[in-house]
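The values are calculated or read from the model by the stated rules, or taken from the named source; none is laboratory data. What you are looking at is a predicted structure, and each value in this text was computed from that prediction instead of being measured. Cβ placement follows ideal geometry from the backbone for every residue including glycine, while neighbour counts extend to all protein chains displayed.
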Amino acid sequence: MMINNNRKLMRRSLTVLIIIAFASIIILLDTKTIGDNYVRRILNLGAIYAIVSVSMNLVNGFTGLFSLGQAGFMAIGAFTVAVFTVPVELREAIFYIVPQNPLVANIELPFFVALILGGLLAALVSILIGMPVLRLKSDYLAIATLGFSEIIRIIFTNMKTITNGALGINRIPGIPTMWITFGVAIVSIIFIVLLINSSYGRAFKAIREDDIAAEAMGINLFKHKVISFAIGAFFAGIGGGLLASLLGTVDPKQFYFTMTYNFLLIIVLGGMGSVSGTIIGSFVVTAGLEYLRIFDEPLTVLGVNIPIFRAGFRMVIFSFLLMILVLFFRQGIMGQKELSWDMIEGWFKRRKGLPKKGKVDKGGTI
Amino acid sequence: MLKIRNLNVHYGGISAVKGISLDVPEKSIVTLIGANGAGKSTTLRSIVGLVKASEGEINFLGENITDMETTEIVTKGITLVPEGRRVFDNLSVLENLKIGAYLQKEGIDENIKMVYDLFPRLRERSWQFAGTLSGGEQQMLAVGRALMSKPKLIMMDEPSLGLAPLIVNGIFDIIKEINKQGTTILLIEQNANKALKIADMGYVLETGTITIEGPGKELLMDQRIKDAYLGTSKK
């Protein structure tokens, strides 16, 4: 018992240490003591991708709904932030072909209000879409949500008086500190984790595992599917809003369905049904896509120019790495497990070649 | 407790249950036997609201539940142990049980203890994924999960399906034990011999209609049933 208590204490203090270390790294990055804008941009992007991916994992990995509508919901959040946070005096210059609709032209909202509004609008649209679409299953659901995501994008392309159409909106006020992206990411992820561990989360998982049995247990399938779908859309909208502010510009072309595939890739890579896996996946994919850029630059070995090193080659490498991952780690990095001290200790024990202890106590999840 | 009058169920244009009537008295074991496609599972599914009856009335504790949603019916005290167990494979045994208590607001911990006392094997495997349990353990879990909602009436759809004879005996002992603790049981079985032995009342369903009914012991002796389901007379 003593040993067990000691171990718990050690784990707890290690967790606290990791949190402190994480916070200090962000503080150092934020005050520009370490790192450069490039690193900060990648980390911000990683945090935003984490929000969207975890919310997509809630829908796809935990509730078992194969939904591919994430890009559309992000577009809603992104355009809400763009339309309402650009300073009123700049708007005439941005909407120089078609003037902005007078209904919204003079409304300027604080960033967080616009961000939440974007999330709520995305959730509202998702409920309207979900009513008919969530009666479908698997592939059919994927096709329908993908279609709706494209419809949202096309509507935005054509709502010129509000969204400025294909020209998009630029000069969106930027994010002053990394704490906004990371803060929102942490709060969102904590919310989703709490949701997953609540009785709602259990109902979601039951629906994923076997909808007929879940229904026989008295779980209202439709209600829970809509709830999960709407919460997923809400956080996608939040992620979209943050992205708009981070990039400073939005246009509908950013929200092609290919964007959804990035998130799908992240959750498959991280592990369907694992929050920690998804977070790891988000940062690995964002950073990976950037740092593989060395393959995009011309390479000369011993005076010979290697012809395959040219723009776009990194995607070949990236795809190749993905194929390896899918072949050898079919469950993704984490599968359905969550990162925990038990797991980390397990790795060390295996590495040292010590036999694993028979009984492992639960808890100690980071 | 449960009264069914002239129940008709259609799947599209096909009629699966054609005007059956049956009674399940309180604290009894009633069994519904019949061949494949006789309409046994459909009857259970329509009682719990998973399929809607096209005609007839289902009455539970004096209340008409024919058109209620499954959620409501489960709250009233009826649960279904679905055919083929249908446990949630990638969730732990404990999580499976908690989902069974989804509509319960309180008393979940006592319920879990009650189920674990009934099935000590499940307590040992509390953290294990349900998909890794053996067939018999999965059936225990399916029954335990159904008990989590504190049902007054528990309906079991072929609990012996695909299990070894020894384990089937165990399952039937458990059914008797659950009944002894005061829960009414409506049992569907292909294993007519075993089911009729423990049943107070038996109904024989053939292509959607009830052809024979009577106390379990009597049905065991019935020549028609012996011929059709027990297979004892030919020897």
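Some values worked out for this structure:
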read-out	value
Filtered residues of the range A:197-208 (kept if in contact (Cβ under 8 Å) with a residue 60 or more places away in the chain and not in a helix (DSSP H, G or I))	none
Only listed residue being buried (at least 24 other Cβ atoms within 10 Å of the Cβ) and either over 25 Å from A:ILE266 (Cα atoms) or under 18 Å from the mean Cα position of the chain (by Cα) (or both), chosen from A:LEU58, A:LEU43, A:LEU28, A:LEU14	A:LEU58
Hits in the range A:287-325 (condition: more than 25 Å from A:ILE48 (Cβ to Cβ) and of a type in the set (Val, Ile, Thr))	A:THR300, A:VAL301, A:VAL304, A:ILE306, A:ILE308, A:VAL316, A:ILE324
Total residues in the range B:53-94, condition assigned to a helix (DSSP H, G or I) and either aliphatic (A, V, I, L, M) or facing chain A (nearest Cβ under 8 Å) (or both)	7
Selection within the range A:195-207 - more than 11 Å from B:LYS98 (Cα to Cα) and at the interface with chain B (Cβ under 8 Å from one of its Cβ atoms)	A:LYS205
Verdict on B:VAL48 being hydrophobic (A, V, I, L, M, F, W, C), touching a residue at least 24 places away in the same chain (Cβ under 8 Å) and either touching a Pro at 6+ places or on another chain (Cβ under 6 Å) or within 14 Å of another protein chain (Cβ to nearest Cβ) (or both)	yes
Boolean, A:ALA216 is within 14 Å of chain B (Cβ to nearest Cβ) and modelled with pLDDT under 90	yes
Criterion (touching a Ser or Thr at 6+ places or on another chain (Cβ under 6 Å) and closer than 26 Å to B:TYR102 by Cα) met by exactly one of B:LEU147, B:LEU153, B:LEU133, B:LEU141	B:LEU153
Any hit, the range A:211-219, residues being surrounded by fewer than 22 Cβ atoms within 10 Å (Cβ to Cβ) and farther than 30 Å from A:THR163 by Cα	yes
Counted residues, the range B:29-40 - those being buried (at least 21 other Cβ atoms within 10 Å of the Cβ) and either assigned to a loop (DSSP other than H, G, I, E, B) or in contact with a Pro (Cβ under 9 Å, 6 or more places away or on another chain) (or both)	3
Sole exception among (1) under 13 Å from B:ILE4 (Cα atoms); (2) modelled with pLDDT of 90 or more; (3) out of contact with any Ser or Thr (no Cβ under 6 Å at 6 or more places or on another chain); (4) not small (Gly, Ala, Ser) for B:ILE29, by number	(1)
Pairs, first touching a residue at least 40 places away in the same chain (Cβ under 8 Å) in the range B:10-34, second in a strand (DSSP E or B) and among the acidic types (Asp, Glu), C-beta under 8 Å, six or more apart	B:GLY19/B:GLU55; B:LEU22/B:GLU213; B:VAL30/B:ASP23; B:THR31/B:GLU189; B:LEU32/B:GLU189; B:ILE33/B:GLU189; B:GLY34/B:GLU206
